[in-house]
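Right, one structure below, let's go through it.
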Amino acid sequence: MDGSGNSFSQLNSMDVQSFLIDHLSMSDGTAPGSCVYHYTTADVLERFLADDGDFLCTHCRSLNDGGEFLLGAGHFVDYMKDRKWNQDLMARVIQQISGFAQYDLSMPWIFSFSWYNDSLSQWASYTDRIDGGYAIGFSVSKLIQLVMARTDKANADNNYPVSTFYLPCVYVGIDDVFAEFDKFFHEHMISGDVNSAQIDDHLVTEVMCKALMVAAVVKDRSFFMEGESRLVISANSEEAYKRIKSIGGRARMPTFVKEDVGPLRDMICSVIISPHGKRDSLFVNALNLKRKYNSTFNIKFSSSPYRG
């Protein structure tokens, strides 16, 4: 039960995550919920702090679970049918989704964060087993500022190369997925009437873009404790693919944060040292990088007893 007498079964994932942030996260000098955390190895910290630091997004089909997108896409198809959208519109969107499922590069690119700053599963999964690593906290308000700047650019230029969203993941079996889709479409109004007898190519393209966005954040309930939110990028033109970098055999889509909100390092509010690995060396590394780049982030040690 929460303080109001409601059982958790009546809450959605964001309500439950808010409770967990308040009660299970360690204090790192930031307001609860003001940061999201990226767990990573020690060498990545300086890449983020450098003048050309950036979020490098992974293609949807290259994620650890390549089938995630198909789960979200299937729920979006059910959503359209339940809302009785125009039959021709649905048929064309379903046809395109089926095509995208075959490794089409137009599928979204993703960079993941966790709401939790001292998660055992995240430490074990995303830091080095021997050397440890960091949970790097990024400002949520800065992420939203980035998305708003990109949205303004896209609205002013139909040829702007990418669409950018920052969204919490939706968990099937915990969240009301259809209600979350309704909320998304209400907040990101589309230009035409999806229930109209007449549709045009522009509306199909617009719905398809947004379908890709929402499909990219739908996950099975078994992943709930990751507390994930995602920066999601969709390429709108061939110009976007000129940005791609290949790192470790995987294609990455740079976000070009610096273009719109300044250096990525200005987004970093907190650096938490893993509970395992070479903790003293990790601390010295973070402290000296903080001095090198004249940064203001807080440095804290994980309070978990986990030692690898």
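The values are calculated or read from the model by the stated rules, or taken from the named source; none is laboratory data. Keep in mind that this is a model prediction, so the values were computed, not measured. No Cβ is skipped: glycine too gets one built from the backbone with ideal geometry, and neighbour counts run over all protein chains shown. Only protein heavy atoms, including side chains, enter the accessible area calculation; ligands, DNA and RNA are left aside. Shrake-Rupley method; radii C 1.70, N 1.55, O 1.52, S 1.80 Å.
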Structure-based [θ]222 nm, the chain - -39500 (n - 2.57) summed over DSSP H runs of at least 4, per residue, nearest 500 = -11500 deg cm²/dmol
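Per residue and in Å³, how big is the convex hull formed by the alpha-carbon atoms of the chain?
137
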inquiry  = Going through the cross-link list Lys245/Lys278; Lys153/Lys219; Lys84/Lys183; Lys142/Lys245, which pairs have a Cα-Cα distance over 26 Å in this structure?
reply    = Lys245/Lys278; Lys153/Lys219
request  = Mind grabbing the accessible area of Lys153 for me, 1.4 Å probe, Å², rounded to tens?
outcome  = 70
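May I ask you to rank Ile110, Ile247 by accessible area, largest first, using a 1.4 Å probe over the protein chains only?
Order by accessible area, largest first: Ile247, Ile110.
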key: Two-site FRET efficiency, Asp176 against Leu120, from Cβ-Cβ distance with R₀ of 35 Å, rounded to 0.05   = 0.75
query = Residues of the stretch 223-256 with amide nitrogen under 19 Å from the 7 Å Cα-to-Cβ point of Phe19?
reply = 223-228
query = If r is the Cβ-Cβ distance from Lys245 to Ile130 and R0 is 30 Å, what FRET efficiency results, to the nearest 0.05?
reply = 0.65
ask   = Got the relative contact order for the chain handy, in percent, Cα pairs under 8 Å and 6 or more residues apart?
value = 31
ask   = For the residue pair Asn288 and Leu63, what label-to-label distance in nm results when each label sits 7 Å from Cα along the Cα-to-beta-carbon direction?
value = 3.7
task = Using only protein heavy atoms and a 1.4 Å probe, report how much of Thr205 is accessible, in Å² to the nearest 10.
result = 90
ask   = At a probe radius of 1.4 Å, what is the per-residue accessible area of Tyr39, in Å² to the nearest 10?
value = 10
request  = Can you spot the aspartates and glutamates whose alpha carbon is less than 17 Å from Lys258's alpha carbon? Ignore those fewer than 8 places along the same chain.
outcome  = Glu46, Asp51, Asp52, Asp54, Asp152, Asp266
key: the chain: most fluctuating residue of Phe19, Phe76, Phe256 per GNM, C-alpha cutoff 10 Å   = Phe19
remark   = With R₀ set to 22 angstrom, the calculated FRET efficiency between the beta-carbons of Asp51 and Met26, to the nearest 0.05, is 0.10
The stretch 173-296, accessible area per residue, ligands and nucleic acids excluded (1.4 Å, Å²) = 49
note = Computed over the stretch 11-160, protein heavy atoms only, probe 1.4 angstrom, the accessible area per residue in square angstrom equals 45
message = Ignoring ligands, DNA and RNA, please state the percent of accessible area on the stretch 156-255 from carbon and sulfur, probe 1.4 Å.
response = 49
